[in-house]
Protein chains: 2
Amino acid sequence: MSESDAPERGETTDRIMRATYCALCRHGYADLTMQDIADESDLSKAALHYHYESKAALLESFLEFLLDSFRERVDAVESDGPRERLGALVELLFEPPGGDADAEFRTAMLELKAQAPYAPALRERLAEFDAYLRGELTTTLERAAETGLLRAEVSPETAAEFVVTVSSGAHTRRVALDRETTAAESALRDYVDDLFVEEAAA
Amino acid sequence: MSESDAPERGETTDRIMRATYCALCRHGYADLTMQDIADESDLSKAALHYHYESKAALLESFLEFLLDSFRERVDAVESDGPRERLGALVELLFEPPGGDADAEFRTAMLELKAQAPYAPALRERLAEFDAYLRGELTTTLERAAETGLLRAEVSPETAAEFVVTVSSGAHTRRVALDRETTAAESALRDYVDDLFVEEAAA
């Protein structure tokens, strides 16, 4: 893909990604076919195959698309310091790309995670997402540590891994048990607060 | 099922439960058939259907069986006080029933969680498991609070929910990303330690 044809390619890609999203919501991951995705767009199945050689390749691109969208939202975070940035990142973790109404999409994503052991390329994309998140959190926590905001015994890497784990568990329980994530989110905020040295004003 | 035929029924049930475990490991949840389960036992498919009217009913019983096994292991925990009991419970959370080698089983369990939105009876069993865990953790934390061991601001219920969420996330990431749970387990131990007031000897 050259830069010069990016606009047109980008438009078709966006349409296919939106169609994939809708098809995942409607059919779930396990039973999804290229025809299902074509049916959600104004493209033919043949046109889809022109862009993606297989369903697996399309879903791989779809995960990349989700990661890119997430990256954009992370980049758009404006915050005054590492503590505020951390709060904003935690907030993003509980705002899945599809918005609140998309229980079906969250279910499809969990199905996809359960299939990852059989699909190395998908697992790689999921791992990339996870590593990106941990990286952003670790960097932010390291910045906090450098300016003396973190408690001395806190390891930025360990704390970052913990935050990602809580977010993953909250989403799994939401799908499996229909359990609201609000309690987990609020406990996670308390956990993150406790990483910081107490403020003089406290 | 009357109590009087429990021993014999119990033996057959055990054989079916073991066969279900093996069949889930070999075939995963999505493609599992009653024949697959029969193939892992010395029972015919007809005999299976005599005990369970459908695959869904059998899997429901299988989840009950897992919950019972977990309950037995929790009951067997011998600990000197609430703090030690909490440590033992956290340890159990990271020791899945099938032992360490059963990556396939863990994958099947995550598949099953992803299917829960379509299978109310399975979701109910998963919710029962989750509630049992939260209950045990909450009770233990409440005992700690009563004896003045917990920091004043700690809510036993919120902390219990958090511990269950971390455990769920660690297991999801283990399946999806093949990520070891050791870091999450160790961070969770630190979190639990921090719920307690600092010891005089510290």
For the range A:120-157, which residues drop by 50 square angstrom or more in accessible area between the chain on its own and all protein chains together (1.4 Å probe)?
A:Arg123
Would you mind working out the accessible area per residue for the range A:6-195, using a 1.4 Å probe, and quoting it in Å²?
46
Using a 10 Å cut-off around each Cβ of peptide B:171-184, what is the average number of partner chain Cβ atoms that fall inside?
6
Kindly count the pairs of lysines across the protein assembly as shown whose alpha carbons are less than 28 Å apart, treating pairs on different chains or eight or more residues apart as eligible.
9
Which of B:Arg26, B:Arg151, B:Arg189 moves most in a GNM of chain B, Cα contacts under 10 Å?
B:Arg151
Quick check on packing: order A:117-123, B:62-68, B:106-112 by the mean number of other C-beta atoms within 10 Å, highest mean leading.
B:106-112, B:62-68, A:117-123
Per the rotation taking chain B to chain A, min distance Cβ-to-axis on chain B (residue, whole Å) equals B:Gly169, 1
Going 7 Å from Cα along the Cα-Cβ axis for the label, what nanometre distances separate B:Arg26 from the same residue across the other copies?
3.8
Candidates A:Ala152, A:Ala127, A:Ala23: whichever shows maximal mean-square fluctuation once chain A is modelled as a Gaussian network with Cα springs under 10 Å
A:Ala152
I'd like the accessible area for B:Asp31, computed on protein heavy atoms only with a 1.4 Å probe and all protein chains in place. Round to 10 Å², please.
110
Heavy-atom accessible area of B:Thr182, protein chains in place, probe 1.4 angstrom, given in Å² to nearest 10, is 90
Scaled to the compact-protein estimate 2.2 N^0.38 Å, what is the alpha-carbon radius of gyration of chain B, rounded to two decimal places?
1.16
Between chains B and A, what is the buried accessible area in Å², counting both sides, with a 1.4 Å probe and ligands, DNA and RNA left out, to the nearest 100?
3200
Given only helices, namely DSSP H runs of n ≥ 4 each adding -39500 (n - 2.57), what is the per-residue ellipticity at 222 nm of the protein assembly as shown, to the nearest 500 deg cm²/dmol?
-23500 deg cm²/dmol
Fully extended, how many nm does the chain gain between B:Ala121 and B:Tyr50 (0.36 nm per residue separation, minus their Cα-Cα distance)?
23.6 nm
At 0.692 mPa s and 37 °C, Stokes D of the protein assembly as shown from Kirkwood alpha-carbon radius, µm² per second
142
Hey, can you grab everything whose amide H is under 5 Å from the amide H of A:Phe196? Only 5+ residues off in sequence or another chain; H modelled, so Pro and N-termini drop out.
A:Arg151
What does the charge dipole of chain A about its Cα centre add up to, to the nearest 20 debye, if the Cβ of each Lys and Arg holds +1 and the Cβ of each Asp and Glu holds -1?
600
Give the carbon-plus-sulfur fraction of the accessible surface of the protein assembly as shown in %, rounded to a whole number; probe 1.4 Å, heavy atoms of protein chains only.
48
Solvent-accessible surface ranking, highest first, for B:His171, A:His49 at 1.4 angstrom:
A:His49, B:His171
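The values are calculated or read from the model by the stated rules, or taken from the named source; none is laboratory data. Because the structure is a prediction, the values reported are computed rather than measured. All Cβ positions, even for glycine, are placed from backbone atoms using ideal geometry, and neighbour counts span all protein chains on display. Note: accessible area is taken over every heavy atom of the protein model, side chains too, but ligands, DNA and RNA are not part of it. Shrake-Rupley method; radii C 1.70, N 1.55, O 1.52, S 1.80 Å.
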